[in-house]
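Take a look at the structure below.
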Amino acid sequence: MRLVVSIFCAFATVLPVLSHEPADTVANDSVKPRAWLAAIENLGVTGLIVGYNNSVLSSSPFSKITFKSMKRNATEFKWWWDEDYMYTNTIEHPYHGAIYYLTARENGQGIGTSALFSLGGSLVWELFGESELPSYNDMVTTPIGGVTIGEPLHRISSAIVDDWACGLERVGREVLAFVVNPMCGLNRLLRGDSWRVRGGRRPQHLMTTSLAAGYRYLVVREQPNVASAYLHWNTTYGDIMGAEGNGLFDYFDLGFTAAVGSHQTMLNYTRVTSQLWCSESIRQEDKTAARGDRQKYIEHNWGFYNHFYHVYAEPDYATGDYRKFRNCVGYSEVGAVGPGVAYRKVTPRLRWEQQFYLNGILMGATPMKLVDRVHPKVGYSWGSGYGAKVYSRLQAGRWLRLSLDAGYSQLFTWIGYACRDATDLKKVRKADIQGEAGNALTLVAEPSLELWPCRRVGVEMRGRYVWHKFNYLYHQHTTLDYADILAGLVVKL
């Protein structure tokens with residue numbers, strides 16, 4: 001409980017100070033702040049999910065809410081590290097927190113106030129939305145992930161809608177904004193903004209978005225290989241050098257990949273790099289360039305950045321001993337914050353960009369190789385630690401783009417299974433356990449190649465390799481690795 005109180009105090013003290021942002025980051029600058037409507041929508045989201053769980057997931061123990069369970073959760077302060085699947089805890093809960101965040105953001109509230117709505121909604125859910133005990137990990141991943149994912153979704157949807165547009169273009173923009181940010185679409189419907197045509201100047205932002213689709217091939221050690229289709233969305237908002245601004249979320253890079261078919265979970269990859277603050281960029285012009293030549297320069301700056309990262313590879317249910325690895329072939333970081341530097345060199349034919357980040361990781365998840373026969377859903381360990389990321393980008397003209405992203409981290413489990421084998425798990429109080437005792441090293445490498453024969457349509461090949469080394473305290477150390485290969489068409493939206 002002290003952890004929850006500390007998080008709440010940190011949000012309440014720091015974020016309201018940082019909540020000021022330009023009016024044009026709201027989907028429509030005529031939106032009036034309505035905290036009361038945000039609160040109603042926040043509670044309504046909880047009510048809808050509770051209703052869904054009671055009607056569709058009625059056989060699940062957590063959905064059987066009673067006055068007794070609510071009273072116990074609100075008064076007895078019995079918190080635990082829950083047993084939900086890794087995908088549930090590291091993707092579904094952060095998105096859940098993003099919806100809470102957006103209930104306030106789309107009703108005219110600032111970043112700090114909206115973050116408090118996400119925290120409050122998460123607390124209400126933990127106490128009254130489930131019959132099981134409140135969860136420590138959910139009270140970290142839901143609000144922090146909610147802000148990290150929610151603000152980019154808000155700004156993307158704000159850039160999509162256009163009150164000048166009419167006809168099919170208007171319909172398409174409103175539908176796409178609703179898909180990206182349901183709370184934006186809902187509140188525009190409630191206000192009548194979805195069909196109202198307005199005058200005035202539409203804010204312009206530095207934003208590029210691409211959508212790719214194609215073939216994905218997954219290779220997991222000791223498991224059958226899996227082939228499926230994929231969709232990949234990527235949006236870069238602002239400029240790493242601070243051209244859009246040097247404040248909260250004035251720059252972010254968001255990408256996610258959805259698998260289609262072969263019993264795969266919907267999202268198997270999500271990455272968000274968001275600016276918290278950056279320095280004024282230093283630009284050095286090349287004075288030796290010939291007259292009439294295109295501009296040549298070097299640019300660099302530094303700042304502080306937040307990272308959300310999730311990669312997940314699930315073996316096919318239909319073949320192989322998937323239970324051995326189910327929900328434990330993946331890696332996640334939530335609340336990774338630290339300094340970063342960016343370097344860019346531009347010549348008439350080449351554009352090279354380098355980014356380097358050092359992070360403290362508040363909470364992350366890594367696979368757990370111990371075969372857990374007592375708690376079969378828990379195939380991963382929670383931990384905190386440190387990491388580093390390097391992003392390299394090279395563009396030749398307008399037709400060739402190469403990139404290589406790499407990351408390294410080490411996560412330490414605070415309270416782990418103190419047992420030699422799976423049979424000893426019966427002696428452990430599961431509420432006090434975060435996973436396997438020890439620490440885990442993770443290395444990620446993501447190369448990609450894009451060819452653009454046309455201005456808006458191209459082809460891409462992208463790979464992803466993840467390698468884990470588990471330094472267990474009570475039994476033999478081991479490793480695990482897996483790889484994704486993707487190839488498809490990419491379109492600039």
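The values are calculated or read from the model by the stated rules, or taken from the named source; none is laboratory data. What you see is a predicted model; the values in this text were computed from it and never measured. Heads up, the Cβs are rebuilt from the backbone with ideal geometry, glycines too, and the neighbour counts pull from every protein chain shown. Surface accessibility is based on the protein's heavy atoms, side chains included, excluding ligands, DNA and RNA. Shrake-Rupley method; radii C 1.70, N 1.55, O 1.52, S 1.80 Å.
Given the condition in contact with a Ser or Thr (Cβ under 8 Å, 6 or more places away or on another chain), in a helix (DSSP H, G or I) and under 21 Å from residue 254 (Cβ atoms), answer yes or no: does some residue in region 126-139 qualify?
no
Being under 21 Å from residue 102 (Cβ atoms), at pLDDT below 90 and of a type in the set (Ser, Thr, Tyr), is that true of even one residue in region 186-207?
Yes, there is a match, as at least one residue in region 186-207 is under 21 Å from residue 102 (Cβ atoms), at pLDDT below 90 and of a type in the set (Ser, Thr, Tyr).
Out of the residues in region 344-374 that are surrounded by fewer than 16 Cβ atoms within 10 Å (Cβ to Cβ) and at pLDDT 95 or above, state the one that is farthest from residue 403 (Cα to Cα).
360
Tally time: how many residues in region 161-171 are open to solvent by 20 Å² or more (accessible area, probe 1.4 Å) and in a helix (DSSP H, G or I)?
Looking only at that region, the number is 4.
Are any residues in region 236-255 among the β-branched types (Val, Ile, Thr) and either surrounded by fewer than 22 Cβ atoms within 10 Å (Cβ to Cβ) or out of contact with any strand residue (DSSP E or B) (no Cβ under 7 Å at 6 or more places or on another chain) (or both), and if so, which ones?
Start the filter on region 236-255 by keeping residues that are among the β-branched types (Val, Ile, Thr), which leaves 236, 240.
Within region 236-255, 236 is the sole residue that qualifies.
Does at least one position in region 54-64 carry a residue that is more than 21 Å from residue 139 (Cβ to Cβ), of a type in the set (Lys, Arg) and surrounded by fewer than 16 Cβ atoms within 10 Å (Cβ to Cβ)? Before the answer, list the steps.
Step one: list which residues in region 54-64 are more than 21 Å from residue 139 (Cβ to Cβ), which gives 54-59, 64.
Next cut, of a type in the set (Lys, Arg) only: 64.
From what's left, surrounded by fewer than 16 Cβ atoms within 10 Å (Cβ to Cβ): 64.
Yes.
Determine if region 190-202 includes at least one residue that is farther than 30 Å from residue 479 by Cβ, assigned to a helix (DSSP H, G or I) and open to solvent by 50 Å² or more (accessible area, probe 1.4 Å).
yes
Might you let me know whether region 420-440 holds any residue that is modelled with pLDDT of 90 or more and either in a loop (DSSP other than H, G, I, E, B) or buried (at least 16 other Cβ atoms within 10 Å of the Cβ) (or both)? Give the steps one after another, and end with the answer.
The initial filter retains those residues of region 420-440 that are modelled with pLDDT of 90 or more, namely 439-440.
Filter again for either in a loop (DSSP other than H, G, I, E, B) or buried (at least 16 other Cβ atoms within 10 Å of the Cβ) (or both), leaving 439-440.
For region 420-440, residues modelled with pLDDT of 90 or more and either in a loop (DSSP other than H, G, I, E, B) or buried (at least 16 other Cβ atoms within 10 Å of the Cβ) (or both): present.
Determine whether region 70-78 contains at least one residue that is touching a residue at least 40 places away in the same chain (Cβ under 8 Å), open to solvent by less than 70 Å² (accessible area, probe 1.4 Å) and under 26 Å from the mean Cα position of the chain (by Cα).
No; the residues of region 70-78 include none that is touching a residue at least 40 places away in the same chain (Cβ under 8 Å), open to solvent by less than 70 Å² (accessible area, probe 1.4 Å) and under 26 Å from the mean Cα position of the chain (by Cα).
Counting just the residues of region 475-493 that are open to solvent by 80 Å² or more (accessible area, probe 1.4 Å) and outside any strand (DSSP E or B), which one comes out farthest from residue 221 (Cα to Cα)?
Applying the filter and picking the extreme gives 493.
Would you confirm whether any residue within region 132-150 is within 30 Å of residue 66 (Cβ to Cβ), over 23 Å from the mean Cα position of the chain (by Cα) and in contact (Cβ under 8 Å) with a residue 60 or more places away in the chain?
Yes, region 132-150 contains a residue that is within 30 Å of residue 66 (Cβ to Cβ), over 23 Å from the mean Cα position of the chain (by Cα) and in contact (Cβ under 8 Å) with a residue 60 or more places away in the chain.
Is it true that residue 95 is open to solvent by 20 Å² or more (accessible area, probe 1.4 Å), closer than 19 Å to residue 336 by Cβ and in contact (Cβ under 8 Å) with a residue 40 or more places away in the chain?
In short, yes.
If you scan region 256-276, which residues turn out to be more than 19 Å from the chain's Cα centre (by Cα) and either surrounded by 14 or more Cβ atoms within 10 Å (Cβ to Cβ) or not β-branched (Val, Ile, Thr) (or both)?
We begin by selecting, within region 256-276, every residue more than 19 Å from the chain's Cα centre (by Cα); these are 260-263.
Within region 256-276, 261, 262, 263 meet the criteria.
Could you check region 210-255 and list, in sequence order, the residues that are free of Cβ contacts under 8 Å to residues at least 60 places away in the same chain, farther than 30 Å from residue 299 by Cα and either under 22 Å from the mean Cα position of the chain (by Cα) or not in a strand (DSSP E or B) (or both)?
Matches in region 210-255: 225, 229, 231.
What are the pairs, 6+ residues apart or on separate chains, where a residue within region 398-413 that is closer than 15 Å to residue 367 by Cα has its Cβ under 8 Å from a residue that is among the hydroxyl-bearing types (Ser, Thr, Tyr) and open to solvent by 40 Å² or more (accessible area, probe 1.4 Å)?
Going by the 8 Å Cβ cut-off, the qualifying pairs are 409/386; 410/386.
With respect to residue 491, determine if the residue is under 19 Å from residue 404 (Cβ atoms) and among the hydrophobic types (A, V, I, L, M, F, W, C).
On the way: under 19 Å from residue 404 (Cβ atoms): no; among the hydrophobic types (A, V, I, L, M, F, W, C): yes.
No; evaluated as a whole, the condition is false for this residue.
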